[in-house]
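Here is the structure we will look at, set down as structure tokens.
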Amino acid sequence: MSKTLLIDLYELTMAQVYFKQKQDSLAVFDLFIRSQNRPFYIACGIDDALSALEDFTFHKEDIDYLRSLGLFEEEFISYLKNFKFNGDVWALDEPEIVFSAEPIIRVKANIIEAQIIESILLNKINLAVTLATKSARVVMAAKGKAVYDFSLRRTQGLEASLAAAKYSYISGAEGTSNVYAGFMYKIPVAGTMAHSFVMSFEREAESFLAFSKQYPAKSILLIDTYNVNEGIQNAIKISRYLRKLGCTLLGIRLDSGDLINDAKKVRALLDKDGLIDTCIFASGNLDEYKIDELIKKNAPIDAFGVGTNMGCSADLPFTDVIYKLVEIKEKNKNFIPAMKLSQNKSTLPGKKQIFRIYNSKGIMQKDIIALADEKNKGRKLLIKKIKAGVRLYKEKSINEKRKVLSEKIRLIPGGLKKLSTNEIYPVEISAKLSSLVQKVKKEMSSRSAKKIVVFDIDTQNDFLDKNGALYVRGSEKIIPNLERIISFAEKNGVMVISSQDTHCSDDPEFKEFGVHCVKNTNGCRKIKATRLKRCKIISQRKVYSLQELKLIKSKYRQIVLEKNTLDLFSNVNVLNLLEEILPDEIYICGVVTEYCIKEAIEGLLKYNFSAIIIEDAVKEISAGEKIKLFSSWKRRGIRFVKTDDFIDNPLFA
């Protein structure tokens, strides 16, 4: 099975919905660090992530497994068979110094492609940034003394162990104990001996001798298995044997105890015996803070083997790397900026660029996050790396990356390099981007407001005109309120759904109610007060597709639904239309309370929609029946408001 299935399930379930509803949509996503828990971060893993995009295809065994889940339709499965990332990618040039909110990667692609790759990008970048940043801190703390990665046995699996070796080397470590990493990345490998090796011999000196005979030019002896004082004496004895062979004892290792005092004592004994070139190697739960203390107290240690704390980034084992939509483009429309508004998790909208400004000495001074089409001072950090799914660049070698990062770290302001610092690197938001943020916030607040619909029931001449065939006595009194409601809805972008009683000339209903609302007659026509200039009539005789209803909803502010019974829901398009709109509240006005309004209310309750009656904009035939219905509806959760309440709704403020 390929690694393509290294993907969160919801990427695929969302993609199937996109496939059915948004195949032509384009999206722009930013990958960035949300929280500044380190003074700076090292952006690594970018090349590995982009390489994964090129190889991102579903193989037969992947497809067979996805089919077995029973979640995906065959049409979507067929799409996945031929899936390939064909988008464009901009990214930082690895390795790079980066800060919170700054895009590390920007993806522009079909929304299905852009969504499906989220998990693999986050997985690659999170691990690399976490380990590279931690390693850089350890290396800086060592102040030029050698650091080696000893983390293999503590890292979380194969990929993590390789990443620890790779990114610590790029960050300045001299090598790794991980032989596989040495083979994979052609980086130096190093190692000494274990306590078990020493313990396997009857005497410590015998273990040292055996090892030195095998590796006379590369012996580093572990001297604290039993007692440091005896261990150093045994090491010095072995060094005399090595001299006879023309070799010098390469080093000794301290793995426990009081490293500062032990190192000073050992150094003095080595120097006394002429072993001035024999190095002292320290290990044992080291991290940047312990190394910093050893350096400050002048412990004569020449090199450090750092395991768990560096290879697992023990104090901060993950980086808050996220991948968020920043622009969306529907078919035949312009890109629309998008942003998340959640508390403490808001994002910056639009395609962006980072501009880095340096002072007169070449030291980093500040960054500006701006829109991609802006012109600013400073060096642009985001570079187009992939076009139409194909990489545009040649990846640097691991040694080139190591050299580049060393130079970039040199350019970080000194205060940020302190292990404990309150200094914050200035990352500014451009005026143009700030303006877009405010604009999108306003638009998003509007989009997230409650979706309101007005149900205008049967406001036709035959019911509200005194000369109408089924005139409802006194109904003309509600016309001013109806006019206010419909006019207000039009001005405030509220959808008006109107029912229209529409009969053929010989409709059976006429036996009970008499001839009324015959199609194409004036009696069937809606009164002027509730009729907008742009409206769409939906016949009860045609079943509209969801796509057709979606288009109608987007083009018209009033939709008139024909019906030839009391029940509005007899028009088969009503429920699909409501599900397309998904209203939070439906305000009801019109006639007649105990007939068509009653049926509309019952339908809305049946399908769990929230119904609100504008009580001074509806009219009944029987006052007694109205009282009974209103009382029953209140018990069932129906709310009642007046026309003024509707117009003064704070949602429209």
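The values are calculated or read from the model by the stated rules, or taken from the named source; none is laboratory data. Not measured: the values here are computed from a predicted model. Because the Cβ atoms are built from the backbone with ideal geometry, glycine has one as well, and the counts that use them run over all protein chains shown.
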* So how many residues does the range 261-308 have that are of a type in the set (A, V, I, L, M), surrounded by fewer than 17 Cβ atoms within 10 Å (Cβ to Cβ) and not in a loop (DSSP other than H, G, I, E, B)? -> 3
* Asked: Which one is nearest to the chain's Cα centre (by Cα), of the residues in the range 622-642 that are touching a residue at least 24 places away in the same chain (Cβ under 8 Å) and assigned to a helix (DSSP H, G or I)?
  -> Trp633
* Asked: When both residues are 6+ apart or on different chains and their Cβ atoms are under 6 Å apart, which pairs have a first residue that lies in the range 328-348 and is in contact (Cβ under 8 Å) with a residue 12 or more places away in the chain and closer than 27 Å to Phe19 by Cβ, and a second that is in a loop (DSSP other than H, G, I, E, B) and hydrophobic (A, V, I, L, M, F, W, C)?
  -> Ile328/Ala338; Lys329/Phe335; Thr347/Met339
* Asked: Just wondering, is there one or more residues in the range 119-128 that are of a type outside the set (A, V, I, L, M, F, W, C) and surrounded by 21 or more Cβ atoms within 10 Å (Cβ to Cβ)?
  -> yes
* Structure fact -> Expected output for the range 405-417 (first residue at negative phi, partner surrounded by 15 or more Cβ atoms within 10 Å (Cβ to Cβ) and assigned to a helix (DSSP H, G or I), Cβ below 7 Å, 6+ apart or cross-chain) is Leu405/Ile170; Ile409/Ala136; Lys417/Met140
* **Test set (1) farther than 20 Å from Asp501 by Cα; (2) assigned to a helix (DSSP H, G or I) - Phe609 fails condition number** => (2)
* Structure fact -> In the range 435-463, anything surrounded by 14 or more Cβ atoms within 10 Å (Cβ to Cβ), of a type outside the set (A, V, I, L, M, F, W, C) and outside any loop (DSSP other than H, G, I, E, B) is listed as Lys441, Glu443, Asp456, Gln460, Asn461, Asp462
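Does Glu599 satisfy being in a helix (DSSP H, G or I), acidic (Asp, Glu) and within 19 Å of Thr459 (Cβ to Cβ)?
yes
Yes or no: Ile105 in a helix (DSSP H, G or I) and either at pLDDT 95 or above or buried (at least 22 other Cβ atoms within 10 Å of the Cβ) (or both)? Lay out the reasoning, then the answer.
Working: in a helix (DSSP H, G or I): no; either at pLDDT 95 or above or buried (at least 22 other Cβ atoms within 10 Å of the Cβ) (or both): yes.
So Ile105 fails the test.
Yes or no: the range 172-181 includes at least one residue that is aromatic (Phe, Trp, Tyr) and farther than 13 Å from Ser239 by Cα. Give the steps one after another, and end with the answer.
Filtering the range 172-181 for residues aromatic (Phe, Trp, Tyr) gives 180.
Add one more test, that the residue is farther than 13 Å from Ser239 by Cα, and what stays is 180.
Yes, the range 172-181 has at least one match.
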* Scan of the range 349-368 for residues that are surrounded by fewer than 20 Cβ atoms within 10 Å (Cβ to Cβ) and over 18 Å from Ile412 (Cβ atoms), ordered by number -> Lys351
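Any idea which residue in the range 517-552 is surrounded by the most Cβ atoms within 10 Å (Cβ to Cβ), counting only those that are part of a helix (DSSP H, G or I) and under 44 Å from the mean Cα position of the chain (by Cα)?
Start the filter on the range 517-552 by keeping residues that are part of a helix (DSSP H, G or I), which leaves 528-530, 546-552.
This time we only want the ones that are under 44 Å from the mean Cα position of the chain (by Cα), so: 546-552.
Details: Leu546: 13, Gln547: 10, Glu548: 15, Leu549: 19, Lys550: 16, Leu551: 13, Ile552: 16.
Per the criteria, the residue is Leu549.
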* **First in the range 291-318 and among the charged types (D, E, K, R), second anywhere and assigned to a strand (DSSP E or B), Cβ under 6 Å, 6 or more apart** => Asp302/Cys279; Asp302/Ile280
* Filter pass, Ser346 being of a type in the set (Ser, Thr, Tyr), modelled with pLDDT under 95 and in a loop (DSSP other than H, G, I, E, B) -> yes
